[in-house]
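To keep things clear, I will list the structure first and then write my remarks on it.
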Amino acid sequence: QVQLVESGGGLVQAGGSLRLSCVASGSIPNINAMGWYRQAPGKQRDLVARITSGSSINYADSVKGRFTISRDNAKNTVYLQMNNLKPEDTAVYYCALEGSTWFTSRTYWGQGTQVTVSS
């Protein structure tokens, strides 16, 4: 099975920065994409940023220009650099790995890391 471990969350003031990391381990399948999603209280889990194996990147409109997703394939790690944080960025951030074999595909999720931005 795949395990995803996030780190780097915490409490930061508005305008500050955080860098999230996610390390994948275990029986890692062919990786189609890795990404970050977030879920604020009372809201659905939404895409923040996603990078495919072909290096295509998507960002939520709300984070464009402030967040940057990157990866280190050799380390099975994906990062999210978050700059100019705003209170509305407060959420639990989840790492996701989209993997596939010849017969199936699925998304694996980390446990999440809390990001709190104070005003």
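The values are calculated or read from the model by the stated rules, or taken from the named source; none is laboratory data. It should be emphasised that the depicted structure is a prediction, and the values quoted were computed from it without experimental measurement. Here the Cβ is made from the backbone with ideal geometry for all residues, glycine too, and neighbour counts use every protein chain on show. Heavy atoms of the whole protein, side chains included, go into the accessibility calculation; ligands, DNA and RNA do not. Shrake-Rupley method; radii C 1.70, N 1.55, O 1.52, S 1.80 Å.
What percentage of the solvent-accessible surface of the chain, computed with a 1.4 Å probe over protein heavy atoms, is contributed by carbon and sulfur atoms? List each step's numbers first, then the result.
Values: 2950 of 6430 Å².
For the chain, the apolar C and S fraction of the accessible surface comes to 46 percent.
Decide, for the stretch 49-119, between rounded, prolate and oblate: order the square roots of the alpha carbon gyration tensor eigenvalues as a ≥ b ≥ c, take rounded if a/c falls under 1.5, and otherwise choose prolate if a/b is larger than b/c, else oblate. It would help to have the intermediate numbers written out before the result.
On the way: a/c = 2.30, a/b = 1.77, b/c = 1.30.
Prolate, since a/c reaches 1.5 and a/b exceeds b/c.
Run the quick spin-label model on N83 and A14: label points 7 Å from Cα toward the beta carbon, then report their separation in nm to one decimal.
2.0 nm
Return the label of the correct value of Cα extents along the principal axes in Å, as calculated from the structure shown, out of [x] 40, 26, 23; [y] 48, 25, 24; [z] 39, 28, 27.
[y]
Could you pull out the trypsin sites (Lys or Arg not before Pro) across the stretch 49-114 that fall in loop regions by DSSP (anything but H, G, I, E, B) with no more than 16 other Cβ atoms inside 10 Å?
K64, R66
Once you have the Cα-Cα distance between V5 and I57, take 0.36 nm times their residue separation minus that, and quote the gain in nm to one decimal.
Extra length from V5 to I57 when fully extended: 16.6 nm.
With a point put 7 Å past each Cα toward its Cβ, work out how far S118 is from V23 in nm, to one decimal.
3.0 nm
State the antiparallel share, in %, of DSSP beta bridges confined to the chain, rounding to the nearest 5. Walk me through the numbers before you get to the answer.
Details: 44 of 48 bridges.
For the chain, the DSSP antiparallel bridge percentage is about 90.
Students often forget the sequence filter, so: which lysines lie under 22 Å Cα-Cα from K43 once same-chain residues fewer than 8 apart are removed?
Partners found: K64, K86.
What nm value, rounded to one decimal, do you get for the distance between N32 and S105 when each label is placed 7 Å out toward the C-beta?
Computed distance between label sites N32 and S105 equals 0.2 nm.
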